[in-house]
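Structure record follows, encoded as structure tokens.
The values are calculated or read from the model by the stated rules, or taken from the named source; none is laboratory data. Remember, predicted model here, so these are calculated numbers, not experimental data. Glycine also receives a Cβ, built like all others from the backbone with ideal geometry; neighbour counts cover every protein chain displayed.
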Amino acid sequence: MNRLPKILFRGIGVISVLCALTGLIYNTGTIWGCLAGAFTPVVNAHDERYFYPAFYVMSAICIFCYLALLYFGFRFLLLKRGHVFWFTGLVLFEVAYFFCIGLSWLLPNFGMSIGAATGVANGGLMAQFIILFPLWGPVAGFWANRKLEPQS
């Protein structure tokens, strides 16, 4: 019995849980800061009228991604293998979302507000991107899933 696939599968689970918790903590802090008015002086000074809608929509998308990543991470820790495809879809969605947000900065009237909200709303995703998790996480997950013995 080869233990490497189990270790790798659980390792992906641990990293998924840690990245999800990091993102949730980050977004919780930025939402509390927003509700407390921390962004109001800068938003008013630069007349970014679409900042708040952009911030809340992007935060909601990120929180959804973190909760899904947390779910998949716990499933992988338990060696539940049926979610590798959905996990890969989530990671691909995050990458596509990241690039779409960058392109949306070019929109007239909305771009500056979206650009201003990007850093504070999407900063929690950086934990995944710094360790290049979207590049190797799904590949390692599919490899480990294929190498694991069939479930009885």
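Structure data summary
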item	result
The one condition in (1) under 12 Å from the mean Cα position of the chain (by Cα); (2) surrounded by fewer than 18 Cβ atoms within 10 Å (Cβ to Cβ); (3) without any contact (Cβ under 8 Å) to a residue 60 or more places away in the chain that L70 fails to fulfil	(2)
Boolean, I31 is surrounded by 13 or more Cβ atoms within 10 Å (Cβ to Cβ), under 21 Å from A116 (Cα atoms) and of a type in the set (V, I, T)	yes
Some residue of segment 75-85 being modelled with pLDDT under 95, surrounded by fewer than 17 Cβ atoms within 10 Å (Cβ to Cβ), in contact with a Phe, Trp or Tyr (Cβ under 7 Å, 6 or more places away or on another chain) and not β-branched (V, I, T)	yes
Count of segment 9-60 residues which are under 30 Å from G82 (Cα atoms) and small (G, A, S)	7
Helices (runs of 4 or more DSSP H) wholly inside segment 1-104 containing at least 2 residues that are more than 16 Å from F142 (Cα to Cα) and in contact with a helix residue (DSSP H, G or I) (Cβ under 6 Å, 6 or more places away or on another chain)	4-35, 51-77, 84-104
Among the residues listed as A127, A117, the single one being part of a helix (DSSP H, G or I), hydrophobic (A, V, I, L, M, F, W, C), closer than 19 Å to A20 by Cβ and in contact (Cβ under 8 Å) with a residue 60 or more places away in the chain	A127
Verdict on N109 being exposed (fewer than 14 other Cβ atoms within 10 Å of the Cβ) and polar (S, T, N, Q)	yes
Residues satisfying the stated conditions in segment 82-114, i.e. under 14 Å from G23 (Cβ atoms) and either without any contact (Cβ under 8 Å) to a residue 24 or more places away in the chain or charged (D, E, K, R) (or both)	E94
Meets criteria (touching a residue at least 24 places away in the same chain (Cβ under 8 Å), under 23 Å from P134 (Cβ atoms) and within 11 Å of the chain's Cα centre (by Cα)) for L79	no
